[in-house]
Amino acid sequence: MTNRSLMLKLLSAFLVFGAWEIAGRIPISYAFPTFVESMAALARMTFDGSIFHAYGETLKPLIVGVAISTVLGIGLGLWIGLSERFEWLFSPIFIVMQAAPLAALIPLLVMAYGIGLTSKVFVVCIMAMPVIVLSTSSAVRNTPASLKEMATSFLARDHHVLLKIVIPAASPVIFSGLRLGVSAGFIGAILAELKITPTGVGDIITYSRSIADYPSMYAAIFSIIVLAVLFLNLLEKIENLLFKGNDRGYVTD
Amino acid sequence: MSQTNKAFSDARPLDQEIAVSVRGVSKNYGSVVALKDMTLEFPRGQLTSLLGPSGCGKTTLLKIIAGLLKPDSGEIIVNGKPVVGPGPNRSFVFQDFALLPWANVMRNVAFGLELRGVAKSEREAKAAKYIKDVGLGGFEKAYPHELSGGMRQRVGLARALAVDSRVLLLDEPFSAVDEQTRRKFQEDLLALVANENKTFIFVTHSIEEAVYVSDQIAILLPRPSRVSEIIRPTSFRSKGVENIRRDPEYLDIVDEIWASLRSYVE
């Protein structure tokens with residue numbers, strides 16, 4: 001079974017990269033390099049170390065922003081889900097944050113916080129936090145009432161209900177929110193580097209486009225996508241490790 | 001009220017020790033009267049069924065006894081103490097099982113003990129005993145979704161037994177399991193009542209089931225909710241589980257209950 005799914009993954013990668021190679025060879029656009037050229041550029045950047053240097057810059061706002069969004073987002077989400085009053089207070093902020101066109105807000109952030117790390121962390125948070133908060137709070141609110149009642153009848157205190165019922169029951173949805181939030185965070189980090197100051201991977205993209213070195217530009221984009229996918233897989237592994245029975249289906253469904 | 005009193009004066013002569021008593025309990029949901037001035041007593045060590053058409057407030061009464069719902073007026077006395085909330089002297093078996101889907105059978109059964117802060121080795125030893133008692137030996141590591149409906153309810157029953165409370169509250173525990181499993185359950189329940197010195201309060205909508213398993217049947221009628229009758233089967237309990245269903249008294253009681261309920265079933 002795992003073999004089969006691995007085969008399918010490889011096949012799908014082969015098809016996508018093959019299509020990319022063909023599209024690059026036609027070429028559909030002068031600005032669209034082939035897969036092989038892009039990989040060669042990626043290898044070159046890997047060997048001269050420039051890509052690692054770039055990620056050193058890009059990962060700073062990304063990691064700080066995602067960490068803040070995760071901790072604060074899940075915390076606020078739990079709070080909003082548990083208390084109606086805080087839902088009224090906070091929920092609209094995150095709905096607006098989610099709906100707001102971020103690129104248009106970046107000049108405001110730059111005016112307020114300058115062009116440094118702070119603004120970039122803000123961009124990552126604005127992208128990542130709303131979906132984490134909103135999915136956590138809705139997961140908490142949808143905790144099966146019968147499980148809470150069961151725990152209460154077996155003398156659970158409030159913190160027991162939260163730790164042993166609400167959080168495990170909500171964890172699949174919290175984690176799916178986290179996955180969406182983290183991928184939005186990746187978008188935010190690159191957006192910040194393109195819109196605020198070109199550093200890190202955003203710098204490679206901007207610079208190689210300006211000198212028409214398209215293979216390098218696509219190599220940088222490709223590498224960030226790979227990194228995001230790897231990170232999401234890691235998140236899934238963590239989820240399965242923390243909440244083992246959760247991938248086993250719900251009894252009362 | 002006079003009806004209730006009359007029912008009690010009929011039932012009283014047995015003069016048993018009372019484990020749970022419900023005194024003048026009322027409960028409204030908005031403008032809907034779920035229970036009105038309900039008074040009822042449950043003798044120790046016996047199984048009492050609450051039987052009635054839907055909407056008669058039997059589950060509400062059970063949840064009030066459990067401390068999960070607060071009555072608007074009146075009080076519940078369990079072993080001499082008034083009920084203010086859930087307590088260690090009562091445990092509950094749920095209609096929909098209410099098992100933790102992310103926990104295996106062992107953890108589910110030990111969950112009540114876990115909440116009481118019992119050490120892991122101790123609670124697992126205790127849970128293992130009750131898992132075996134309900135006939136689930138070998139399934140300790142299974143997850144609820146891997147079990148059949150009947151087995152899930154056995155887990156729910158083992159969880160309620162594991163906390164070793166004096167009063168067991170069962171809310172239509174067999175309504176979600178199939179007919180054959182239900183019959184086996186009913187026989188096992190009779191053995192449980194005979195062997196464990198516990199008071200059972202059993203909510204059901206099945207007349208046959210109530211008559212089969214009960215020492216005492218309280219017939220509840222809706223609108224307004226009240227106890228209309230208390231029936232105590234006398235002769236067939238000692239004749240063995242396989243003879244109950246063809247005993248004349250069993251058949252008479254089933255017919256009699258249906259006669260008094262039929263006008264309330266729409």
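All of the numbers you see were taken from the coordinates with simple rules; none came from a lab. Please read these numbers as outputs of a predicted model, since none were measured by experiment. So basically every Cβ, Gly included, is an ideal-geometry build from the backbone, and we count neighbours across all protein chains shown.
Annotations
- Footprinting exposure proxy ranking of A:Val173, B:Val84, A:Val121, fewest other C-beta atoms within 10 angstrom first, gives B:Val84, A:Val173, A:Val121.
- Efficiency of FRET from Cβ geometry, A:Ser210 and B:Glu187, R₀ 60 Å, rounded to 0.05: 0.10
- With a Förster radius of 51 Å applied to the beta-carbon distance between A:Ile28 and A:Glu87, the computed FRET efficiency rounds to 0.55.
- Mean separation of Cα contacts under 8 Å, 6 or more apart, over the residue count of the stretch A:54-242: relative contact order %: 29
- When the alpha carbon gyration tensor of the stretch B:42-83 is reduced to an equivalent ellipsoid, its three semi-axes come out at 18, 16, 7 angstrom, largest first.
- Once the Cα gyration tensor of the stretch A:54-242 is diagonalised, semi-axes √(5λ) in Å: 37, 19, 11
- Least to most buried among B:Val241, B:Val193, A:Val133 (fewest other Cβ within 10 Å first): B:Val241, B:Val193, A:Val133
- Eigenvalues of the alpha-carbon gyration tensor of the stretch B:151-266, scaled by 5 and square-rooted, set the equivalent ellipsoid semi-axes at 23, 18, 14 angstrom, largest first.
- Modelled this way, with points 7 Å down the Cα-to-C-beta line, the labels at A:Ile187 and B:Ala194 are 6.8 nm from one another.
- When the stretch B:16-153 is described by a simple charge dipole with +1 on each Lys and Arg Cβ and -1 on each Asp and Glu Cβ, the residue from B:Gly55, B:Val118, B:Val78 located farthest towards its positive end is B:Val118.
- For the stretch A:54-242, the number of Lys pairs separated by eight or more positions or lying on different chains, with C-alpha atoms closer than 30 Å, is 8.
- Normalised convex hull volume, the protein assembly as shown, alpha-carbon set, Å³ per residue: 211
- Building the convex hull from the alpha-carbon atoms of the stretch B:73-230 and averaging its projection over directions returns 10.6 nm².
- Over the stretch B:13-155 - Rg/Rh using Cα atoms and the Kirkwood inverse-distance radius: 1.03
- Per-pair calculated FRET efficiency, R0 = 56 Å: B:Val84 and B:Trp258 via Cβ, rounded to 0.05: 0.90
- For B:108-115, mean number of other protein chain Cβ atoms within 10 Å: 4
- Sorted largest first, extent of chain B alpha carbons per principal axis (Å): 54, 43, 37
- The residues A:Trp20, B:Trp258, B:Trp102, when put in order of fewest to most other Cβ atoms within 10 Å, stand as B:Trp258, A:Trp20, B:Trp102.
- Each 10 Å bin, from zero up to the one with the longest distance, holds this percent of the alpha carbon pairs of the stretch B:193-255: 19, 51, 26, 4.
- Averaging over all projection directions, the Cα-based convex hull of the stretch A:1-147 occupies 14.7 nm² in the image plane.
- Taken along its principal axes, the alpha carbon cloud of the stretch A:76-186 reaches lengths of 55, 26, 21 Å, longest axis first.
- Placing +1 on each Lys and Arg Cβ and -1 on each Asp and Glu Cβ, with no other charges, gives the stretch A:54-242 a dipole about its Cα centre of roughly 200 debye.
- Angle of helix A:200-210 to the longest C-alpha principal axis of chain A, folded into 0 to 90 degrees and rounded to 10: 40°.
- For the stretch A:184-220 versus the stretch A:39-60, the gap between their alpha-carbon centres in whole angstrom: 12
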